[in-house]
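Only one structure is covered here, and it is reproduced in the block below.
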2 protein chains.
Amino acid sequence: MERHLMEIILKTIGVIHTPFQETTGMPIQSARSDFEGSVEVDAEYLDGLDGIEEFSHIYLLYALHRAETNGPLKVQPFLDDRLHGIFATRFPMRPNPIGISVVRLTGRKGSILHFKGADMLDGTPLLDIKPYIPEFDIFDVEKIGWYQNRKHD
Amino acid sequence: MERHLMEIILKTIGVIHTPFQETTGMPIQSARSDFEGSVEVDAEYLDGLDGIEEFSHIYLLYALHRAETNGPLKVQPFLDDRLHGIFATRFPMRPNPIGISVVRLTGRKGSILHFKGADMLDGTPLLDIKPYIPEFDIFDVEKIGWYQNRKHD
């Protein structure tokens, strides 16, 4: 089987501020977090935010900048005590350190976005913002694998 | 305002095969696509797929490898005829060329995943796979901005 090695170079476009200096005690998913955070988008991208305040929920894409990328391919997620393939989990130590969180947008002042649902470290490098649109993002799911019988909650 | 420039280097971990050699005529979102595709994960990541077949829906994260990254910050999305900030749209020409699609997993043979919901080009470089879990990924949304009054469908 062919190997498809190619490098993709991304640039940070801002930074995410949250109450979390360490991963210990940090919420596991944005859907389970009531913590507030803010996104500081670099001034050169200001025009790209036009109209964003008209959405109640947005995706933040960011670099998991403190996560190891050469970790094991089978991991024990926070919510279970068994090993699962890294791609069957949202565990942060993964081959490409990209995190996704859907957060609730609570306000905008220029290039600063305030949100609820912080589940990432303070200082997290921002890579992208996309609008959350139910028609595109809500799916009728039948199977949720190990999560169905997870050991912790 | 400080600028947070930092490079994030990602590696492709496989490739996505779809019926689409060109963007013309390609579905606009996976939720609107019944087209089939497959993901060929590089052999070295095989263990990372353990248990993935127990999920009906997965996120594919990939490089928008043919999209311009220095395009305008206000764009006209496919579904509207007005200009919006790039971060208020899912338009592919964005500062960081990362695409996200939730697709329906229909089968697995070793390191090949078959899916429905193809909305990306054939040969798209794969960056990550994450399980779609309703409790984490379904949000009760109040405002969907320009999409509410979009001009096309």
Original post:
Just a yes or no: is a residue in the range B:1-11 open to solvent by less than 70 Å² (accessible area, probe 1.4 Å), within 28 Å of A:Leu126 (Cβ to Cβ), among the charged types (D, E, K, R) and facing chain A (nearest Cβ under 7 Å)?
Top reply: yes
**OP:** Within the range B:12-37, work out how many residues are out of contact with any Lys or Arg (no Cβ under 8 Å at 6 or more places or on another chain) and within 7 Å of chain A (Cβ to nearest Cβ).
**Re:** 5
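Hey, could you check the range B:74-111 for residues that are of a type in the set (D, E, K, R) and open to solvent by 20 Å² or more (accessible area, probe 1.4 Å) and say which is nearest to B:Thr23 (Cα to Cα)?
At the first step, the residues of the range B:74-111 found to be of a type in the set (D, E, K, R) are B:74, B:80-82, B:90, B:94, B:104, B:108-109.
Filter once more, so that each one left must be open to solvent by 20 Å² or more (accessible area, probe 1.4 Å): B:74, B:81-82, B:90, B:104, B:108-109.
Numbers: B:Lys74: 20, B:Asp81: 19, B:Arg82: 21, B:Arg90: 14, B:Arg104: 21, B:Arg108: 27, B:Lys109: 28 Å.
Of everything passing the filter in the range B:74-111, B:Arg90 is nearest to B:Thr23 (Cα to Cα).
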Original post:
Can we say A:Val141 is closer than 25 Å to A:Asp50 by Cα and of a type in the set (A, V, I, L, M, F, W, C)?
Top reply: no
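Return the residue satisfying two criteria in turn: it lies in the range B:28-44 and is assigned to a helix (DSSP H, G or I) and among the aliphatic types (A, V, I, L, M), and of such residues it is most open to solvent (accessible area, probe 1.4 Å). Quick ask: steps written out before the conclusion?
Residues of the range B:28-44 assigned to a helix (DSSP H, G or I): B:30-32, B:43-44.
Imposing the further condition that a residue be among the aliphatic types (A, V, I, L, M) reduces the set to B:31, B:43.
Values: B:Ala31: 45, B:Ala43: 65 Å².
Once the filter is applied, the top-ranked residue is B:Ala43.
Which of the following residues is modelled with pLDDT under 95 and either of a type in the set (S, T, N, Q) or under 27 Å from B:Gly107 (Cα atoms) (or both): A:Asn149, A:Asn96?
On the way: A:Asn96 fails: modelled with pLDDT under 95.
Result of the check over A:Asn149, A:Asn96: A:Asn149.
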Original post:
at the interface with chain A (Cβ under 9 Å from one of its Cβ atoms) and buried (at least 17 other Cβ atoms within 10 Å of the Cβ): does that describe B:Phe136?
Top reply: yes
Original post:
Would you pick out the residues in the range B:112-129 that are surrounded by fewer than 16 Cβ atoms within 10 Å (Cβ to Cβ) and in contact with a His (Cβ under 7 Å, 6 or more places away or on another chain)?
Top reply: B:Asp122
Original post:
In the range A:38-74, what residues are more than 16 Å from A:Asp128 (Cβ to Cβ) and more than 9 Å from every other protein chain (Cβ to nearest Cβ)?
Top reply: A:Ser38, A:Arg66, A:Ala67, A:Glu68, A:Asn70, A:Gly71
Original post:
Any idea which of (1) open to solvent by less than 20 Å² (accessible area, probe 1.4 Å); (2) within 18 Å of A:Ile98 (Cβ to Cβ); (3) out of contact with any Leu (no Cβ under 7 Å at 6 or more places or on another chain); (4) not hydrophobic (A, V, I, L, M, F, W, C) is the one B:Gly14 doesn't satisfy?
Top reply: (3)
Original post:
Taking the condition in a loop (DSSP other than H, G, I, E, B) and either aliphatic (A, V, I, L, M) or closer than 30 Å to A:Gln148 by Cα (or both), does B:Ile8 pass?
Top reply: no
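Name the residues in the range A:83-102 that are more than 9 Å from chain B (Cβ to nearest Cβ) and in contact with a helix residue (DSSP H, G or I) (Cβ under 8 Å, 6 or more places away or on another chain), would you? Even if it seems obvious, please write down each step before you answer.
Narrowing the range A:83-102 to residues more than 9 Å from chain B (Cβ to nearest Cβ): A:91-93, A:99, A:101.
Answer for the range A:83-102, where residues must be more than 9 Å from chain B (Cβ to nearest Cβ) and in contact with a helix residue (DSSP H, G or I) (Cβ under 8 Å, 6 or more places away or on another chain): A:Met93, A:Ser101.
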Subject >> Matching residues in the range A:59-73 - criterion: being open to solvent by 50 Å² or more (accessible area, probe 1.4 Å) and touching a helix residue (DSSP H, G or I) at 6+ places or on another chain (Cβ under 8 Å) >> reply: A:Pro72
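The values are calculated or read from the model by the stated rules, or taken from the named source; none is laboratory data. These numbers were taken from a predicted model, which means no experiment stands behind them. For neighbour counting, all protein chains shown are included, and Cβ atoms are generated from backbone atoms with ideal geometry for every residue, glycine included. Areas reflect the complete protein model, heavy atoms only, side chains present, ligands, DNA and RNA absent. Shrake-Rupley method; radii C 1.70, N 1.55, O 1.52, S 1.80 Å.
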